[in-house]
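Below: one structure, written as structure tokens.
The values are calculated or read from the model by the stated rules, or taken from the named source; none is laboratory data. Note that this is a predicted model, so its numbers are computed, not measured. Backbone-built Cβ (ideal geometry, glycine too); neighbour counts: all protein chains shown.
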């Protein structure tokens, strides 16, 4: 059995393989499930929620160097629970996975870490805030954390600084994902400034830019028929921002949030947001949409979203596409695109 297959089988139970993308549509038996009208509390909810089956801390960043060249950065920590049973040390049911990537117009660097919880190798604490796997970490004041990761051929050391408020996605943090009512708790910090150094094969590169944190936890975030999603985080040059996603299944389900420059969030319901592929690229033998038309008519948005590097394939245990994008049309700016379920 090769290492990658072993990692997949450890991460997702065999019974989950056919239940939505990456098993995220598997029944939530025994785990807690998100409910409407809950109140998220900070800093407590920056920490882990082991009573839920799946959770992540997700940073993407649009960067530029002194010459104006574009870069993208990703740092993600995933937690999943194999069961609801308690356990300390090696018997813990909590598993952790980390992804880190840097994208340039010419190259895409990616690496992955896997860890068992309960032995100190990976985890998250709310106060003081720290999220780590091995030597990778996001830690410090949640409004101004440091961010580090490294792989065989790249790394980065960054400093973040929040310039606006946390945004609750969906209905005050309750984010519906299907017509059947699957949901997650979901909030973002889309107002980070970021600066630091990329360590690349050609040498160190000083960069600055903006970063976006997404936090979600659930026990069955997808319906069983949902095979993947297309997720956009767009930061416009006028200071407004938009998050939008579509989940692909027997029917397409969409959700979006319009974020004013002052952080005021307006949630938009299913159907208000549309995303249609314009061009595809051959990426690792797959036809991947890398140019899109994205529209949010209620806010006058009709833009073209284009990948900076079409080859931003995350060749990880559960593979997907993730990379920085440029925005043109009714609004201009930069953002990030994640696409899953393209086989």
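Selection within the stretch 291-325: residues that are in a strand (DSSP E or B) and over 21 Å from residue 255 (Cα atoms). The member of this set that is nearest to the chain's Cα centre (by Cα) is 314. Do we have any residue at all in the stretch 96-104 that's in a loop (DSSP other than H, G, I, E, B), in contact with a strand residue (DSSP E or B) (Cβ under 7 Å, 6 or more places away or on another chain) and crowded, with 17+ Cβ neighbours inside 10 Å? Scanning the stretch 96-104, I find at least one residue that is in a loop (DSSP other than H, G, I, E, B), in contact with a strand residue (DSSP E or B) (Cβ under 7 Å, 6 or more places away or on another chain) and crowded, with 17+ Cβ neighbours inside 10 Å, so the answer is yes. Give the residues of the stretch 35-52 that are in a loop (DSSP other than H, G, I, E, B), under 21 Å from the mean Cα position of the chain (by Cα) and in contact (Cβ under 8 Å) with a residue 40 or more places away in the chain, sorted by residue number. Of everything in the stretch 35-52, those that are in a loop (DSSP other than H, G, I, E, B), under 21 Å from the mean Cα position of the chain (by Cα) and in contact (Cβ under 8 Å) with a residue 40 or more places away in the chain turn out to be 40, 42, 43, 47, 48, 49, 50, 52.
Let's see how each residue does on (1) over 22 Å from residue 294 (Cα atoms); (2) more than 17 Å from the chain's Cα centre (by Cα):
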| position | (1), (2) |
| --- | --- |
| 170 | no, no |
| 182 | yes, yes |
| 198 | yes, yes |
| 211 | no, no |
| 218 | yes, no |
| 242 | no, no |
| 260 | no, yes |
| 273 | no, yes |
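Residues of the stretch 329-343 that are closer than 14 Å to residue 232 by Cβ and either touching a helix residue (DSSP H, G or I) at 6+ places or on another chain (Cβ under 6 Å) or assigned to a strand (DSSP E or B) (or both): 329, 333, 334, 335, 336, 337, 338, 339, 340.
Looking at the stretch 132-159, which of its residues are in contact (Cβ under 8 Å) with a residue 24 or more places away in the chain and not in a strand (DSSP E or B)? Hits for the stretch 132-159 are 134, 142, 151, 152, 153, 154. For residue 213, state whether it is closer than 28 Å to residue 162 by Cβ and at pLDDT 95 or above. Spelling it out, residue 213 is indeed closer than 28 Å to residue 162 by Cβ and at pLDDT 95 or above.
Of all residues in the stretch 75-87, at least one satisfies being buried (at least 24 other Cβ atoms within 10 Å of the Cβ), at pLDDT below 95 and more than 30 Å from residue 326 (Cβ to Cβ). When the residues of the stretch 147-160 are filtered to those that are more than 18 Å from the chain's Cα centre (by Cα) and more than 15 Å from residue 205 (Cα to Cα), the one that is surrounded by the fewest Cβ atoms within 10 Å (Cβ to Cβ) is 152. The condition of being surrounded by 13 or more Cβ atoms within 10 Å (Cβ to Cβ), under 30 Å from residue 107 (Cα atoms) and modelled with pLDDT of 50 or more holds for only one of 11, 57, that being 57. Within the span defined as the stretch 223-233, every residue fails to be surrounded by 22 or more Cβ atoms within 10 Å (Cβ to Cβ) and without any contact (Cβ under 8 Å) to a residue 40 or more places away in the chain.
Only one of the numbered conditions (1) in contact with a helix residue (DSSP H, G or I) (Cβ under 9 Å, 6 or more places away or on another chain); (2) without any contact (Cβ under 8 Å) to a residue 40 or more places away in the chain is violated by residue 68, and that is (1). Can you say whether residue 244 is touching a residue at least 60 places away in the same chain (Cβ under 8 Å) and crowded, with 19+ Cβ neighbours inside 10 Å, as far as the supplied structure shows? It is false that residue 244 is touching a residue at least 60 places away in the same chain (Cβ under 8 Å) and crowded, with 19+ Cβ neighbours inside 10 Å.
Filtering 182, 226 for residues that are farther than 30 Å from residue 149 by Cα, modelled with pLDDT under 95 and touching a helix residue (DSSP H, G or I) at 6+ places or on another chain (Cβ under 8 Å) leaves a single hit, 226.
If you go through the stretch 274-285 one residue at a time, how many are surrounded by 14 or more Cβ atoms within 10 Å (Cβ to Cβ) and closer than 19 Å to residue 247 by Cα?
4
In the condition set (1) in contact with a helix residue (DSSP H, G or I) (Cβ under 8 Å, 6 or more places away or on another chain); (2) loosely packed, with under 14 Cβ neighbours inside 10 Å, residue 264 is compliant with all but (1). Taking the numbered list (1) more than 20 Å from the chain's Cα centre (by Cα); (2) more than 30 Å from residue 45 (Cβ to Cβ); (3) modelled with pLDDT of 95 or more in turn, residue 250 passes all entries but (3). Residue 279 meets the conditions (1) assigned to a strand (DSSP E or B); (2) closer than 23 Å to residue 237 by Cα in every case but one. The failed one is (2). Within the stretch 114-131, the residues that satisfy the criterion of being surrounded by fewer than 19 Cβ atoms within 10 Å (Cβ to Cβ), assigned to a strand (DSSP E or B) and either in contact (Cβ under 8 Å) with a residue 12 or more places away in the chain or in contact with a helix residue (DSSP H, G or I) (Cβ under 6 Å, 6 or more places away or on another chain) (or both) are 116, 125.
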